[in-house]
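Read the structure below first, then the notes.
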Amino acid sequence: MKEFLNTVILDNPVRDYLMLIGVLLFVSFIKRYVSKSFAAILFRLVRHWSPQLDEKDFVNLLLRPLEYFLLLVTFMVTIDKFTFPQALNVYVYNRIKLQDVTNTLLSLALSMSIIWIMLRLIDFIALVLQHKADLTEDKTDNQFVVFFRDFFKAIILILGAIAFIRILFGNGLVEKIVAGLGIGAAALALAAKESIENLIGSFIIFFDKPFRVGDTVKVDSFQGTVEKIGLRSTRLRTLEKTFVTVPNKKMVDSILDNLSLRTQQRVALRLELGTDAPSEKVYSLLQDIRQLLKNNPDILDNYVVNLNDFTKDTYVIQIVFNTYLVDGHQYAALRETVNLAVIRLLEEKELKLPSTVTNVTVNNNENNEG
């Protein structure tokens, strides 16, 4: 048995291979328990940030990346005691040997696991802030959390990409890239001009708050409800239920009408009567319409009802009033109520709208010659 354990295979004794397999199997068995315990300890340290947050949510976020990290670190520590087999240490490409490739792959895997854990930590912090934002009525806080979660994730991914380049190509390439960025900064800034402007626009939106998530806005020819404010663009759900993506630069630079911030809505109606209507009935109609608007509690006192104009065919009556009803359904119901009431007044006074029908009379004169 001892001779078998000391048998050398690929420059390493069988004992080391069995030890590696045993350690990996043991860690594979306990990694879930260790990861859960470690995540639970971390949760107790940060529990005071958000007492209403469930421990299960935090553990579920970190469980898989911690398991992967624990198994990988165990493998790297154990395999470090091995001698890389010279028979396998062949040139893979140019002057790069297989041992260099495996070391690079392990370094990349370790970096990826660390990035994964950092991304999950950002998700946890966002989850804590999300719970706090849910306690306020302002929906901007919720979108603010989503925005900065994506922002910091992007930074982590950029740093991760730099770390990957450093592992793959060494410090020399990173220094060359930094030097190249310094030399070509103007060209890079010009190429990324739109993206930078949109990113700056997103910060302006969050700090200046011309609109918030849930507001109904109109910008240029687009009108809809703001569903998300991202790093580059703002998403609108239009009246036709389409999903429109508008660059943040356009949302900041264009004339934007925030319809949700209206305190009143204005209604302007145009009523035309035929010129055959007696002046007494027209005057009586104006008085009744004024009384109608006065008796409606949803209509403000600064209404206008007058004989605005007349032509050879029509009398033009102008009806203008304001209301505090800004909700679309309530506003439409109020307009319907006023319109029906005006129609009833026209029927009571036997007044009709001008007709577009033209009557033509033809006289036929027949001359009979005898």
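The values are calculated or read from the model by the stated rules, or taken from the named source; none is laboratory data. All values derive from a computational prediction rather than experimental measurement. Cβ coordinates were reconstructed from backbone atoms using ideal geometry, including for glycine residues, and neighbour counts include every protein chain displayed. The accessibility values were calculated without ligands, DNA or RNA, using every heavy atom of the protein model including side chains. Shrake-Rupley method; radii C 1.70, N 1.55, O 1.52, S 1.80 Å.
List of remarks:
- Taking the numbered list (1) modelled with pLDDT of 80 or more; (2) under 27 Å from S233 (Cβ atoms); (3) of a type in the set (S, T, N, Q) in turn, S107 passes all entries but (2).
- Qualifying positions in the range 263-305 - of a type in the set (G, A, S), outside any helix (DSSP H, G or I) and farther than 15 Å from I319 by Cβ: G274, A277
- Residue list for the range 272-303, restricted to those being under 44 Å from the mean Cα position of the chain (by Cα) and either open to solvent by less than 20 Å² (accessible area, probe 1.4 Å) or among the β-branched types (V, I, T) (or both): L293, I299
- Residues in the range 196-237 that are under 13 Å from the mean Cα position of the chain (by Cα) and open to solvent by 60 Å² or more (accessible area, probe 1.4 Å) were compared, and the one that is nearest to R262 (Cα to Cα) is R212.
- When the range 85-110 is filtered for residues that are touching a Lys or Arg at 6+ places or on another chain (Cβ under 9 Å) and either assigned to a loop (DSSP other than H, G, I, E, B) or surrounded by 13 or more Cβ atoms within 10 Å (Cβ to Cβ) (or both), the ones remaining, listed by number, are N89, V90.
- The single residue among K312, K294, K281 that is among the charged types (D, E, K, R) and farther than 19 Å from L340 by Cα turns out to be K312.
- Matching residues, the range 212-228, being in contact (Cβ under 8 Å) with a residue 24 or more places away in the chain, of a type in the set (A, V, I, L, M, F, W, C) and not in a loop (DSSP other than H, G, I, E, B): V217, V219, F222
- Selected residue [of a type in the set (K, R) and either in a helix (DSSP H, G or I) or without any contact (Cβ under 8 Å) to a residue 12 or more places away in the chain (or both)] from K250, K312: K250
A quick yes/no check of all residues on (1) small (G, A, S); (2) closer than 23 Å to F124 by Cα; (3) at pLDDT 75 or above; (4) open to solvent by 70 Å² or more (accessible area, probe 1.4 Å):
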residue: M1; (1), (2), (3), (4): no, no, no, yes
residue: I41; (1), (2), (3), (4): no, yes, yes, yes
residue: Q52; (1), (2), (3), (4): no, yes, no, yes
residue: T74; (1), (2), (3), (4): no, no, yes, no
residue: V77; (1), (2), (3), (4): no, no, yes, yes
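- Selected residue (only one of L199, L231 is part of a helix (DSSP H, G or I), at pLDDT below 85 and of a type in the set (A, V, I, L, M)): L199
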